[in-house]
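This report refers to the structure that appears directly beneath it.
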Amino acid sequence: MTQNFQQRPTLALMHGVLVALVTGTILLGTPQTLRAQEAAPENVPVEAQRVEGSISSNEVTTDTTTVETADETSGAAEEVAGPIENDAAPVSPAAGQDGDEAAKPVVSVPVAFDPEMVTERARKLAKNPFENPHRDLPDALANLTADQYEQIRFKSQRAFFNPENTGFSLDLFHPGSMYDVPVAINLVRDGEIQVIPFSAGLFDFGKTGLSANDFSTQGYAGFRLRYPLSDVQSNDELTRFLGASYFRLQGQGQSIGQMARGLAVDLAGPTGEEIPVFKEFWIVEPKKGDQTIRIYALLDSARLTGAYRFDITPGQRSRADISAKLFFRDGVEKIGLAPLNGMFLFGEQRRRTFNDYRGEVHSTDGLLINNGRGEWLWRPLDNPIHLQMSSFLDENPRGFGLLQRDRNFDHYQDLDRRFDQQPGYWVKPKGDWGKGHVELVEIPSPNELNDNIVAYWVPETKPTAGSELQVDYSVTATRDGTGLHPMAQASDTRIMRMAAQGDEDQATTRFVLNFAGGELDYFKRNIAKMRADISASEGEIKNIRIMNDPENGGVRVMFDLLDTTDEAASNLRVFLLYGDQVLSETWTMPWVF
């Protein structure tokens with residue numbers, strides 16, 4: 001990560017209790033309202049059948065070459081939303097032509113695509129005042145509920161790209177509901193830019209009662225790429241870019257789950273979050289034999305712009321290699337790089353009570369960090385009563401991610417969401433990211449509609465007006481993170497408060513942790529020599545036990561935490577050893593007395 005900005009004085013962030021720790025800093029906020037990003041609707045997958053090339057025949061005039069589309073319903077000419085800046089001038093029919101000649105489509109001069117165009121667009125945009133990209137949709141679209149919006153589906157037979165060549169196919173999202181930013185979408189074919197003009201005729205409006213005749217030019221809300229992940233004849237969702245700077249990525253056997261973002265700006269800060277948006281995309285059409293598809297994107301926000309490149313490779317663990325160049329209109333107090341979004345309502349610890357038939361409800365159950373010192377930390381997630389922020393100080397992190405380790409369907413019993421199949425995301429920085437911290441934000445949520453968990457990297461040096469920042473990393477859609485490291489994993493966290501039993505007794509909290517994998521099964525044959533290194537920044541640890549767990553595999557660690565301090569919270573750490581050999585990652589968790 002290369003950066004070119006000056007140091008600014010640190011500003012006060014939030015009111016709350018701050019507990020400084022070796023592995024992290026926990027900020028426990030006072031009761032307040034902080035809205036979580038509403039989860040994007042999950043469209044039911046449709047089977048795509050592609051046609052050769054594009055769809056034909058409407059007249060379209062733009063500043064670049066166009067991909068012509070046929071509006072089956074209205075037959076009206078439709079233009080792509082959003083400006084396309086280049087030097088290509090439209091070629092108009094000559095004066096004095098007869099009626100037939102004058103009626104021919106206006107064709108623009110082809111424009112060659114150069115990736116530097118996107119970077120220069122972002123750099124130029126940062127020098128101009130920010131323009132709010134949101135616009136008022138027609139009431140019929142703006143008032144759609146999430147369920148109604150899901151009824152609007154791209155017609156699978158109109159998908160772009162030829163599946164016989166590469167397996168990739170492209171379909172689009174119609175604007176509506178919360179998706180009110182017009183997104184310009186371009187194809188790069190044989191090195192030339194071709195605009196995909198908006199056409200309502202590409203969509204089936206289902207049971208909404210709407211039709212393509214109801215809307216004029218709107219601009220698309222985003223797009224989705226499909227690929228045969230399950231088997232050679234399947235047409236599974238690989239990725240989608242829909243809403244703000246959000247995107248999703250799925251691997252083989254994974255269902256739609258958590259999301260990643262292009263950038264987070266002042267998330268959970270005192271001035272409120274600023275939400276960047278991807279306003280334009282250039283999708284390079286894959287050629288025969290290509291195993292990776294490349295996407296360029298232009299990001300815009302009130303205080304910054306960005307030029308992004310995504311190289312997306314499908315597979316059992318699909319991966320997006322991301323390169324971003326950021327340009328700052330103004331200084332930013334907290335920039336969040338490689339942000340990940342998940343949902344956690346409740347898990348096996350059940351620290352909050354919900355009237356629900358399901359045993360667990362979450363798209364992610366923990367944050368895994370591989371810090372610059374090589375230590376692996378596992379932080380189980382929570383749905384707290386108040387906003388909770390945790391910071392893990394580091395230098396040159398090796399990776400972090402929101403994972404879904406629990407893969408047992410019986411623990412969820414949800415046939416619709418299939419939490420047991422949802423992916424976890426692992427971020428791997430490229431190059432040195434310098435000093436900073438991984439920040440975890442846990443937002444109180446009453447239901448599963450909100451993505452209330454966010455994790456990202458915050459550089460120590462704050463960006464200033466006119467500065468630039470280059471960042472490169474990958475995001476991998478994994479399952480439970482197996483293979484990231486060879487040590488035992490902390491698989492379960494259960495907690496029980498125990499009341500005092502007499503006048504001289506103290507109330508305690510009992511923690512029950514399960515560790516499995518790695519070489520535990522080998523070393524637990526002599527479990528008497530195995531020990532748990534348990535520490536608490538505040539309070540007293542008592543009654544430590546290590547037990548063989550023949551039912552779940554691995555071992556179970558139990559200990560009690562006594563409140564013997566005037567402090568409000570304690571940070572806990574646990575890892576396993578055999579003699580002096582470390583056997584497990586480090587389980588860490590904040591605890592409010």
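The values are calculated or read from the model by the stated rules, or taken from the named source; none is laboratory data. This is a predicted model, so every value here is computed, not measured. Because the Cβ atoms are built from the backbone with ideal geometry, glycine has one as well, and the counts that use them run over all protein chains shown. Calculation scope for accessible area: heavy atoms of the full protein, side chains included, ligands and nucleic acids excluded. Shrake-Rupley method; radii C 1.70, N 1.55, O 1.52, S 1.80 Å.
Restricting to segment 400-412, give me the number of residues that are assigned to a helix (DSSP H, G or I) and in contact (Cβ under 8 Å) with a residue 24 or more places away in the chain. Qualifying residue count for the region: 3. Taking segment 510-540 as the range and being in a strand (DSSP E or B) and more than 17 Å from Ala490 (Cβ to Cβ) as the test, only Glu540 passes. Being on the phi < 0 side of the Ramachandran plot and part of a loop (DSSP other than H, G, I, E, B) is a condition met by at least one residue of segment 486-494.
Taking the listed residues Arg153, Arg189, the one that is farther than 28 Å from Val118 by Cβ, among the basic types (Lys, Arg), more than 22 Å from the chain's Cα centre (by Cα) and surrounded by fewer than 22 Cβ atoms within 10 Å (Cβ to Cβ) is Arg153, with no other qualifying. Looking across segment 127-142, just one residue is touching a residue at least 24 places away in the same chain (Cβ under 8 Å) and more than 24 Å from Glu280 (Cα to Cα), and that is Ala140. Checked against the criterion of being at pLDDT below 95 and open to solvent by 10 Å² or more (accessible area, probe 1.4 Å), segment 463-478 has no qualifying residue.
If you check Asn128, Asn165 for being modelled with pLDDT under 95, over 25 Å from the mean Cα position of the chain (by Cα) and outside any helix (DSSP H, G or I), only one passes: Asn165. Residues considered: Thr305, Thr239. Of these, the only one that is in a strand (DSSP E or B), closer than 27 Å to Asp414 by Cα and either open to solvent by 30 Å² or more (accessible area, probe 1.4 Å) or among the hydroxyl-bearing types (Ser, Thr, Tyr) (or both) is Thr239. One residue alone among Phe198, Phe223 is open to solvent by less than 10 Å² (accessible area, probe 1.4 Å) and either part of a loop (DSSP other than H, G, I, E, B) or at positive phi (or both), and that residue is Phe198. Among the residues making up segment 352-399, a single one is open to solvent by less than 10 Å² (accessible area, probe 1.4 Å), under 14 Å from His485 (Cα atoms) and outside any strand (DSSP E or B): Asn371. Checked against the criterion of being open to solvent by 70 Å² or more (accessible area, probe 1.4 Å) and within 32 Å of the chain's Cα centre (by Cα), segment 542-562 contains one or more residues that satisfy it. Of the listed requirements (1) over 22 Å from Phe344 (Cα atoms); (2) in a strand (DSSP E or B); (3) touching a residue at least 40 places away in the same chain (Cβ under 8 Å), Arg294 misses just one: (3).
Among the residues of segment 470-478, not a single one is not β-branched (Val, Ile, Thr) and not in a strand (DSSP E or B). Between Asp330, Asp382, the distinction of being acidic (Asp, Glu) and under 30 Å from Gly253 (Cβ atoms) belongs to Asp382 only. Checking the stated criteria, Leu415 turns out not to satisfy the condition of being out of contact with any helix residue (DSSP H, G or I) (no Cβ under 8 Å at 6 or more places or on another chain) and outside any loop (DSSP other than H, G, I, E, B).
Candidates Thr482, Thr565: the one that is part of a loop (DSSP other than H, G, I, E, B) and open to solvent by 50 Å² or more (accessible area, probe 1.4 Å) is Thr482.
Yes or no, residue by residue, for (1) open to solvent by less than 40 Å² (accessible area, probe 1.4 Å); (2) in contact with a strand residue (DSSP E or B) (Cβ under 9 Å, 6 or more places away or on another chain); (3) more than 17 Å from Leu242 (Cα to Cα):
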site	(1), (2), (3)
Val277	yes, yes, no
Glu280	yes, yes, no
Ile293	yes, yes, yes
Ser301	yes, yes, no
Pro314	yes, yes, yes
Ala320	yes, yes, no
Leu326	yes, yes, yes
Arg329	no, yes, yes
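Hey, does segment 236-253 have a residue that's closer than 24 Å to Leu345 by Cα and of a type in the set (Phe, Trp, Tyr)? The answer is yes; a qualifying residue exists.
Here Phe559, Phe515 are screened, and the one residue that is in contact (Cβ under 8 Å) with a residue 60 or more places away in the chain and either of a type in the set (Phe, Trp, Tyr) or touching a helix residue (DSSP H, G or I) at 6+ places or on another chain (Cβ under 6 Å) (or both) is Phe515. Within segment 332-351, the set of residues being closer than 24 Å to Val427 by Cβ and either hydrophobic (A, V, I, L, M, F, W, C) or open to solvent by 30 Å² or more (accessible area, probe 1.4 Å) (or both) comprises Val332, Glu333, Ile335, Leu337, Ala338, Leu340, Met343, Phe344, Leu345. If the condition is being in a loop (DSSP other than H, G, I, E, B) and either open to solvent by 20 Å² or more (accessible area, probe 1.4 Å) or under 16 Å from Pro314 (Cα atoms) (or both), then segment 244-268 contributes Ala244, Gln250, Gly251, Gln252, Gly253, Gln254, Ser255, Ile256. Within this structure, Ser491 passes the test of being modelled with pLDDT under 95 and closer than 29 Å to Asn370 by Cα. Does segment 234-256 contain at least one residue that is more than 30 Å from Arg407 (Cβ to Cβ) and either acidic (Asp, Glu) or free of Cβ contacts under 8 Å to residues at least 24 places away in the same chain (or both)? There is no residue in segment 234-256 that is more than 30 Å from Arg407 (Cβ to Cβ) and either acidic (Asp, Glu) or free of Cβ contacts under 8 Å to residues at least 24 places away in the same chain (or both).
Results for (1) of a type in the set (Lys, Arg); (2) farther than 30 Å from Leu242 by Cβ; (3) in contact (Cβ under 8 Å) with a residue 60 or more places away in the chain, shown as yes or no for each residue.
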{"site": "Ile335", "(1), (2), (3)": "no, no, yes"}
{"site": "Thr353", "(1), (2), (3)": "no, yes, no"}
{"site": "Gly374", "(1), (2), (3)": "no, yes, no"}
{"site": "Trp378", "(1), (2), (3)": "no, yes, yes"}
{"site": "Asn383", "(1), (2), (3)": "no, no, yes"}
{"site": "Met389", "(1), (2), (3)": "no, no, yes"}
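Within segment 418-455, the set of residues being open to solvent by less than 40 Å² (accessible area, probe 1.4 Å), closer than 20 Å to Arg373 by Cβ and not in a loop (DSSP other than H, G, I, E, B) comprises Trp426, Val427, Pro429, Gly436, His437, Val438, Glu439, Leu440, Ala455.
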